[in-house]
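Encoded as structure tokens, the structure appears first; notes follow it.
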Amino acid sequence: MNPHSTQANLQGIRQACRIAATVLHRMVEATAVGVTTYDLDQLAKRELAAMGASSACFNYNPRGSLNPYPAYTCISVNEAVVHGIPSLHKVLKEGDVVSLDVVVDFEGCIGDNATTVVLGKVPSAVKKLVDSTREALNLAIACARDGNRVGDISHAVESYLRKQGLGIVRDFVGHGVGASMHEEPQIPNFGRARTGPRLKAGMTLAIEPMVTLGSHKIEFLPDGWTAVTRDRKPAAHFEHTVLVTEGEPEILTIPEI
Ligand code: MF3
Ligand code: CO
């Protein structure tokens, strides 16, 4: 959120974030072998309605195209990086890497979060991919402090992931949230420290490293939404919405359980 925005308020964003995290948590609990990604999306739809919220993804159409986003959440399996469209034909199986992304609209305020889970046994390289992406997000959040710059977050993510030898997706970025899903500033997952816009107390930022086991290059499936790795190696995605304060960053996407 831009602190000068009048349309969204921090109280509303807090609630949207709590709902987003709670729905994400319930989806994680339901993620299992034999379940379809459609089942998980429908679960999210029901939970959102029960909490008086709606999906900010459904019908999302940023460029006014003929292809608005057709589902309530994004579920991106294995080589899918982000914006995977849930499907009745996508039955989860042992070894899958499942990224779940929930963006909530509660009374005109947005909350955005994502996580990646693996089903059963996976190769150690895949486990490292997922653990390193989670750690990159934690390192990034630690930089979300009043007076720091966006580049400090970007640099923290990039330098850590480079050391791990993992690919950093460059085609999507983190972002401010407020009355709309994608507000200023953009938060790339690569960049130089002490550069970019300055962070101010009151900003609400969705920070979201998207990381690959092979090349960082992506392409889109014919559905126009699903971003997959070109080499079809797996990817992971973790995201929290965070409030910048005068002191410690506050993670807003904490579930109510
Ligand atoms: N967390 C994703 C993002 O920030 C959610 C996109 S919703 C969709 O881009 F509608 F584009 F799928
Ligand atoms: Co986001």
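The values are calculated or read from the model by the stated rules, or taken from the named source; none is laboratory data. From a predicted model like this one, the values you see are computed outputs, not experimental measurements. Backbone-built Cβ (ideal geometry, glycine too); neighbour counts: all protein chains shown. SASA here: full protein model, heavy atoms, side chains in, ligands and nucleic acids out. Shrake-Rupley method; radii C 1.70, N 1.55, O 1.52, S 1.80 Å.
Name every residue in the range 142-155 that is part of a helix (DSSP H, G or I) and either of a type in the set (S, T, Y) or open to solvent by 20 Å² or more (accessible area, probe 1.4 Å) (or both), in order of residue number.
Residues of the range 142-155 part of a helix (DSSP H, G or I): 142, 150-155.
Within the range 142-155, A142, S154, H155 meet the criteria.
Would you check which residues across the range 175-188 are out of contact with any Pro (no Cβ under 8 Å at 6 or more places or on another chain) and open to solvent by less than 10 Å² (accessible area, probe 1.4 Å) and list them? Talk me through it step by step, then tell me what you get.
Our first condition is that a residue be out of contact with any Pro (no Cβ under 8 Å at 6 or more places or on another chain); within the range 175-188, this holds for 177-181, 183, 186-188.
V177, G178, I187, listed by residue number.
Between residues in the range 156-174 that are part of a helix (DSSP H, G or I) and residues that are open to solvent by 40 Å² or more (accessible area, probe 1.4 Å), which pairs lie under 6 Å by C-beta distance while being six or more apart or on different chains?
A156/L139; E158/F190; Y160/L139
Restricting attention to the range 42-94, which residues are of a type in the set (G, A, S) and not in a loop (DSSP other than H, G, I, E, B)? Break it down stepwise before answering.
Going through the range 42-94, the residues of a type in the set (G, A, S) turn out to be 44, 49-50, 52-56, 64-65, 71, 76, 80, 84, 87.
Correct list: A44, A49, A50, S54, S55, S76, A80.
Exactly one condition in (1) farther than 22 Å from M210 by Cα; (2) polar (S, T, N, Q); (3) open to solvent by less than 10 Å² (accessible area, probe 1.4 Å) is not met by S65; state its number.
Result: S65 fails condition (3) only.
Quick check on the range 189-200. Is at least one of its residues surrounded by fewer than 18 Cβ atoms within 10 Å (Cβ to Cβ), within 13 Å of ligand 1 (Cβ to nearest atom), modelled with pLDDT of 95 or more and over 20 Å from R134 (Cα atoms)? Working first, answer last.
Filtering the range 189-200 for residues surrounded by fewer than 18 Cβ atoms within 10 Å (Cβ to Cβ) gives 192-195, 197-198, 200.
Restricting the remaining residues to those that are within 13 Å of ligand 1 (Cβ to nearest atom) gives none.
No; the residues of the range 189-200 include none that is surrounded by fewer than 18 Cβ atoms within 10 Å (Cβ to Cβ), within 13 Å of ligand 1 (Cβ to nearest atom), modelled with pLDDT of 95 or more and over 20 Å from R134 (Cα atoms).
When the range 118-138 is examined, which residues are found to be within 30 Å of L48 (Cα to Cα) and open to solvent by 30 Å² or more (accessible area, probe 1.4 Å)?
V118, G120, D131, R134, E135, N138
So for the range 156-164 (the condition being surrounded by fewer than 24 Cβ atoms within 10 Å (Cβ to Cβ), aromatic (F, W, Y) and within 16 Å of ligand 2 (Cβ to nearest atom)), does at least one residue qualify?
Checked against the condition, which is being surrounded by fewer than 24 Cβ atoms within 10 Å (Cβ to Cβ), aromatic (F, W, Y) and within 16 Å of ligand 2 (Cβ to nearest atom), the range 156-164 yields no hits at all.
With the requirement that a residue be among the small types (G, A, S), within 16 Å of ligand 2 (Cβ to nearest atom) and out of contact with any Asp or Glu (no Cβ under 7 Å at 6 or more places or on another chain), what does the range 56-108 give you?
Keep residues of the range 56-108 that are among the small types (G, A, S), which gives 56, 64-65, 71, 76, 80, 84, 87, 95, 99, 108.
Still in the list and also within 16 Å of ligand 2 (Cβ to nearest atom): 56, 71, 76, 80, 84, 99.
Those that are among the small types (G, A, S), within 16 Å of ligand 2 (Cβ to nearest atom) and out of contact with any Asp or Glu (no Cβ under 7 Å at 6 or more places or on another chain): S76, A80, G84, S99.
So I257 fits all but one of (1) open to solvent by less than 60 Å² (accessible area, probe 1.4 Å); (2) over 14 Å from the mean Cα position of the chain (by Cα); (3) more than 12 Å from D112 (Cβ to Cβ); what number is the exception?
Every listed condition holds for I257 apart from (1).
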